[in-house]
Amino acid sequence: MKRLRVGVIGVGHMGAMHARALSRLPDAELVGVYDVDREKALEIAGRYGTRAFVSLDDLIKESEAVVVATPTNTHLEVCSVVLDAGLHILVEKPLAHDLPSAEEIVRRSEDKGLVLAVGYIERFNPGLLAAAEYIRDPMYIEAMRLAPYNPRGTDVDVITDLMVHDIDIVLMYIKEEPERLTCIGVPVLTQDIDIANARLEFASGRIASLTASRVSMQKMRKVRFFQENTYISVNLLERDLEMVIKREDTILPYFPEVDNTIEPIQAEDRDFVLSVLRGQRPEVSGRDALATTRLAYLLLEDAERRLKTKGG
């Protein structure tokens, strides 16, 4: 199989991780990186044995596909240029800084017949991958995603920055649109909502409860699934899994094996590369991400409306 020529646009925290992962993939050739910060681009290129391009156009000319890891408010502009040039894209989440921009990116990729994958890295978390075998028709999903304050990522609110990971997981297992939703949240250290709690109710009776914070003293990333006779708890931070199973009149703890040799970002990039080479759907397509984005903005609107009502 041929190697896919891939470039990385934006080499901040996530872009540098993608450059490292792509440099190690046998199915990919990391042709180079581009960043408006020339010194940063040179540093990352040197670290992973590739080229730092002077211009975005030059990188595009040498690539068949790119990873877009620029600030969220530049995604529409950058993705439009790349798609118009006929390149496949893996874009970091969130897909865009607003819903119309997200819809435009997806429309352009579909019109061009190009692969659009979106970086929801938790899909490749070893704990969640191990749990997939046991998750069957969950009736209640609870997720908590807490993080200390970090200026990186605060160009958007906590719902579209952090909670989107858990919205994506909920929609992966509850394949319905919510019938009713509520969200409360407040700004703490930024002008946007920094901590939020959401409740999603579905016509089937399923429920999801999601909490996200970027102003916590500790880190926590857990998702719990409750289904008939089974409780499943995935620690996404520690990448482990524990279960409780009811069999007849006996309650049994169970600790399935987790393959912690899996590196999520490398698995994500390999999924993207193989999607392009084999002409198959990526794990998280543009349409998947759009559904998650729509729901995130509905929750954000509800939270902001409640804030204004209280403030007024």
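The values are calculated or read from the model by the stated rules, or taken from the named source; none is laboratory data. What you see is a predicted model, and the numbers here were worked out from it, not measured in a lab. Methodologically, a virtual Cβ is constructed for each residue, glycine included, from the backbone with ideal geometry; neighbour enumeration extends over all protein chains shown. Only protein heavy atoms, including side chains, enter the accessible area calculation; ligands, DNA and RNA are left aside. Shrake-Rupley method; radii C 1.70, N 1.55, O 1.52, S 1.80 Å.
Some observations on this one:
- If R0 is 22 Å, the Cβ-Cβ spacing of LEU307 and GLU201 corresponds to a FRET efficiency of close to 0.55.
- Bridges between two residues of the chain, per DSSP, are antiparallel at a rate of about 60%.
- Ranked by how many other beta carbons lie within 10 Å on average, peptides 280-289, 37-46 from highest: 280-289, 37-46
- Under a 5 Å amide H cut-off, with hydrogens placed 1.01 Å from N, VAL115 pairs with ILE89 among residues at least 5 apart or on other chains.
- Using θ = phi - 60° in the Karplus curve 6.51 cos²θ - 1.76 cosθ + 1.60, the 3J(HN,Hα) couplings for the stretch 47-64 round to 5, 10, x, 9, 10, 9, 7, 6, 9, 5, 4, 5, 5, 4, 4, 9, 10, 9 Hz; x is entered for Gly and Pro.
- The C-alpha atoms of the chain define a longest principal axis, and helix 286-311 lies at about 60 degrees to it.
- The string of couplings for the stretch 173-178 from the Karplus curve (6.51, -1.76, 1.60, θ = phi - 60°) is 9, 10, 8, 9, 8, x Hz, one whole number per residue in order, with x for Gly and Pro.
- Pairs from the list LYS175/LYS310; LYS112/LYS175; LYS2/LYS175; LYS175/LYS246 with a Cα-Cα gap above 32 Å: LYS175/LYS310; LYS2/LYS175.
- For the chain, the share of accessible area belonging to carbon and sulfur comes to 49 percent (1.4 Å probe, ligands and nucleic acids excluded).
- Of GLY15, GLY205, GLY49, the residue with the greatest mean-square motion in the GNM of the chain, using alpha carbon springs below 10 Å, is GLY205.
- Note on exposure: LEU252, LEU171 ranked by accessible area (1.4 Å probe, complete protein assembly) read LEU252, LEU171, with the most exposed listed first.
- The SER209 and ILE265 beta-carbon pair, evaluated with R₀ = 30 Å, returns a calculated FRET efficiency of approximately 0.60.
- In this structure, the amide hydrogen of SER63, modeled 1.01 Å from its nitrogen in the peptide plane, lies closer than 5 angstrom to no residue at least 5 positions away or on a different chain.
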